[in-house]
Amino acid sequence: MTKIRKFNYKSLEELKSEIRRLDLDIPVTDNFDNLKETVDLGGGSVVPNRLTIHPMEGADANPDGTPGDLNIRRYLRYAAGGSGLIWFEAMAINEMGRANDMQCFLNKDTVGAFKEMIKQLRREAKEVYGEEFNPYLVIQLTHVGRFGRHNKILFHHDLVDNAAAANIDPDHPLMKDEELERLEDYFVEAAQLAKEAGFDAVDIKACHRYLLSENLAAHTREGKYGGDYQSRTRLMKNTVKKVSETVDIDLATRLNIYDAIPYPYGWGADEEGNEKHDEPRRLVRELDALGVKLINITACTPYLWPHINRPYDLPSNIGYEPPEHPLIGVERLLRLARITSEETTNAKVVGTGYSYLREYAPYVAAAVIEKGWSDFIGFGRQAFAYPDFAKDIIYNNGLEKKKVCVTCSKCAELKAKKKHSGCVVRDREIYVPIYQELLREYKDPV
């Protein structure tokens, strides 16, 4: 399949022509009104519009897990940016589940700092948009699993053991069933703190092959958390049930629908690594029945094949060339959201894969909403580059080309190297010096 090295469409018609040439199912419309609609989640929860900021880690927390200055700056910019749904970045549920000392960590000693940040954020949104505007805030609760300092794994697989940020020794011990069972209570405790801090919902994170995501693919694991479908989904469903029964807070999940890793080491994939939707569809139905209100879909893991969960052009120094046309990746993510939407009765679906489309993203986003493939449209990298994208879509009926994310992957490169992460292209004053430091390290590694 033809690849492109640079996004170079001069008009929407050129983009539509490329979509037709590749025979892709990517809808387009020029009516954005549905993106401005409020969405009722039930139980008194209302989201002001359909535009969502995905959870994007900035590697800028303080060592104790409280939000750092750049972390607070980023969320205040989001508050002023007009998105109706702000999905906060991953926050560890315990010390063993923390990726590094720059990842946020919600606990009894840090909850006050997060509570203050939430108050600042809501004040900022009301100052810009009026007293009636109240963004819906989701906190992502996570255990990083194999990709943290402690390399907590559920099973061995050479491909994933050798992935970037893992490098697991073949003799590395597996987590015991008793240790996994205790995690359910850590999630409950974190959810209670999230409620205290002022969040509207908690995301029981099960994506990108972090611990709960890896558990869904634990076909080769023995014991009560591996093997058959019921065992592999037990930890996630038990956690959802316990949080629901214990904490008065909405439930959400960012969920891998497809790992792209061949069976028996992947989820939602067959022996060749192709999509196989039966188990993900079943889990979506069960999560819907358990009262999960938001399912934010994604796929694969950035530590193996980042083009699958974030279609992009050629990166600068990561050295990974996407093996497919980025529009193929966009279509895949739209399809995974559509598949998820087909299985939900009450839960709302947050779609993924729009940043690559740059200034043309609203044309596709509105068409996806129109078709019922998603209920919300999520932007990740775009939010780093263009935190007020929602305001421009809603009030100016479009995005400015000079402000959009160009999917250069520099933000991902910074995070991978455990440096403060943001947009090097559009937020130059802050992030160019940090990126220049990274380039010096490439040139003169320690």
Hey, CYS411 among the hydrophobic types (A, V, I, L, M, F, W, C) and part of a loop (DSSP other than H, G, I, E, B) or not: no
Here are the criteria: (1) modelled with pLDDT of 95 or more; (2) open to solvent by 10 Å² or more (accessible area, probe 1.4 Å); (3) within 18 Å of the chain's Cα centre (by Cα); (4) closer than 16 Å to HIS420 by Cα. Tell me which single one ASP69 does not satisfy. (3)
Quick one: which helices (runs of 4 or more DSSP H) lie wholly within the range 304-399 and hold at least 3 residues that are basic (Lys, Arg) and open to solvent by 10 Å² or more (accessible area, probe 1.4 Å)? 326-343
With respect to ALA79, is the statement that it is of a type outside the set (Val, Ile, Thr), open to solvent by less than 20 Å² (accessible area, probe 1.4 Å) and under 30 Å from MET96 (Cα atoms) true? no
Does the range 46-53 contain any residue that is part of a loop (DSSP other than H, G, I, E, B), of a type outside the set (S, T, N, Q) and over 24 Å from ALA412 (Cα atoms)? yes
Condition check for VAL243: at pLDDT below 95 and either under 19 Å from the mean Cα position of the chain (by Cα) or crowded, with 22+ Cβ neighbours inside 10 Å (or both): no
Kindly evaluate ILE434 against the criterion of being over 19 Å from the mean Cα position of the chain (by Cα), touching a residue at least 12 places away in the same chain (Cβ under 8 Å), in a helix (DSSP H, G or I) and buried (at least 24 other Cβ atoms within 10 Å of the Cβ). no
Restricting the first residue to the range 1-24 and requiring it to be of a type in the set (Lys, Arg), which pairs with a second residue that is open to solvent by 100 Å² or more (accessible area, probe 1.4 Å) and at pLDDT below 95 meet a Cβ separation below 8 Å and a spacing of at least six or different chains? none
Among the residues that make up the range 413-426, is at least one of them free of Cβ contacts under 8 Å to residues at least 12 places away in the same chain, closer than 30 Å to TYR363 by Cβ and open to solvent by 70 Å² or more (accessible area, probe 1.4 Å)? no
Those residues of the range 134-168 that are assigned to a helix (DSSP H, G or I) and within 20 Å of the chain's Cα centre (by Cα) come to a total of 4
Could you pull out the residue among ARG221, ARG209 that is touching an Asp or Glu at 6+ places or on another chain (Cβ under 8 Å), part of a loop (DSSP other than H, G, I, E, B), of a type in the set (Lys, Arg) and closer than 22 Å to ARG182 by Cα? ARG209
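Let's see how each residue does on (1) surrounded by fewer than 17 Cβ atoms within 10 Å (Cβ to Cβ); (2) in contact with a Leu (Cβ under 6 Å, 6 or more places away or on another chain); (3) among the acidic types (Asp, Glu); (4) assigned to a helix (DSSP H, G or I):
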| site | (1), (2), (3), (4) |
| --- | --- |
| TYR225 | no, yes, no, no |
| THR239 | no, no, no, yes |
| ARG254 | no, no, no, no |
| ALA260 | no, no, no, no |
| PRO264 | yes, no, no, no |
| PRO280 | no, no, no, yes |
| VAL284 | no, no, no, yes |
| ASP288 | no, no, yes, yes |
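The values are calculated or read from the model by the stated rules, or taken from the named source; none is laboratory data. Computed from a prediction, not measured in an experiment: that's the story for all the values here. A quick note on method: Cβ atoms are made from the backbone with ideal geometry, for glycine too, and the neighbour counts reach across all protein chains shown. Heads up: the accessible areas ignore ligands, DNA and RNA and are worked out on the full protein's heavy atoms, side chains in. Shrake-Rupley method; radii C 1.70, N 1.55, O 1.52, S 1.80 Å.
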